[in-house]
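K.L.:
If you scroll down you'll find the structure; I have some questions about it.
The values are calculated or read from the model by the stated rules, or taken from the named source; none is laboratory data. Since we're looking at a predicted model, the values are computed, not measured. Cβ sites come from the backbone with ideal geometry, for glycine too, and all protein chains shown count toward neighbours. Side chains included, ligands, DNA and RNA excluded: accessible areas come from the protein's heavy atoms. Shrake-Rupley method; radii C 1.70, N 1.55, O 1.52, S 1.80 Å.
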Amino acid sequence: MSFRSSLRPILAGFALAAAPIMAQPAAAQFFWSPPDLSAPPLTDAAAATAMGLPGATAAEIKAGLVWNLRAALNIAALQCQFEPTLLAISNYNAMIAHHDAELDSAQSVLLGYFQRTVGKGRPGQAASDQYGTRIYSGYSTVQAQKGFCQAATVVGRQAIFADRGTLHEVARNGLASIKKSLVVAGEQYYGSPGYDYRVAMPSLAANCWKKGVLQPECQQQWNAQKGETQP
């Protein structure tokens, strides 16, 4: 009986200690101190420029926002599987199922944009297909993958809980953050050692070497590259 009563405060202590850990946001999966990926919502003018849709109408900009968000979350589903707790695949699938009508409409409106600006029939269809390929490639990243996956996860969760017919609003508010995440930004205290590392090599010019020995002038140049000072 005394054993059980003494065990209760210990278990309660463990529960209190674990609570802050479980409540940590997705950022903690990658960084001790994450980069600031926040960005203001896109205006129509900024959206048209960022998405490569010059002269687009308000309806076409909405369609572009929706289609770009679809592309970004699709790339996240492919590239962010290294961290299963981000739920990148399930978020994308849920977004597709929840907003299927708005996505279909966006695709149709975008096709209309290219048929209006490039030409009806095959020219417009080809331009639309090329645009889809281009935006997918634009969201694919290697060096900035962690930041991208973090930003895409936040916006992806907003998408699956948004009311039907409002996906363009989620995209307007979140796409700038996703685009910002495509620029490499490391951990704020410790940087990004894997990306900041640079190799300093001595010159391999023939006049820098004599019988396999690096000559003094070239040695000084090499030391300067490495940030070393002469004794």
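K.L.:
To the nearest 0.05, what FRET efficiency results for LEU78 and GLN130 with a Förster distance of 22 Å applied to their C-beta separation?
P.N.:
Efficiency at R0 = 22 Å is approximately 0.65.
K.L.:
Let me ask another. Which far-off residues, 5 or more places away or on another chain, put their amide H under 5 Å from the one on TRP209, with H placed in the peptide plane?
P.N.:
Long-range HN contacts for TRP209: GLN215.
K.L.:
In terms of solvent-accessible area of protein heavy atoms at a 1.4 angstrom probe, what is the ranking of SER137, SER181, highest value first?
P.N.:
Details: SER137 75, SER181 0 Å².
The residues order as SER137, SER181, largest area first.
K.L.:
Expected output is a single nm value to one decimal: the length gained when fully extending between GLN215 and SER140, i.e. 0.36 nm times separation in residues minus the C-alpha distance. What is it?
P.N.:
Contour length minus the Cα-Cα distance gives 22.5 nm.
K.L.:
With every protein chain left in place and a probe of 1.4 Å, what is the accessible surface of LYS226, to the nearest 10 Å²?
P.N.:
80
K.L.:
Measure off 7 Å from each Cα along the Cα-to-Cβ vector at ALA206 and ASN223, then give the distance between these two points in nanometres to one decimal.
P.N.:
A separation of 2.8 nm, rounded to one decimal place.
K.L.:
Could you compute the FRET efficiency for ASP104 and THR57, with r as their C-beta to C-beta distance and R0 at 22 Å, rounded to 0.05? If you can, show how the numbers build up before the last one.
P.N.:
Working: r = 19 Å, r/R0 = 0.85.
With R0 = 22 Å, the Cβ-Cβ based efficiency is 0.75.
K.L.:
Another one. Under 27 Å from the Cα of LYS226, which lysines turn up, not counting those fewer than eight places away in the same chain?
P.N.:
Output for LYS226: LYS210, LYS211.
K.L.:
While we're here: Assuming a ≥ b ≥ c are the square roots of the Cα gyration tensor eigenvalues, decide whether the stretch 36-105 counts as rounded (a/c under 1.5), prolate (otherwise, with a/b larger than b/c) or oblate.
P.N.:
It is oblate, given that a/c is not under 1.5 and a/b is not larger than b/c.
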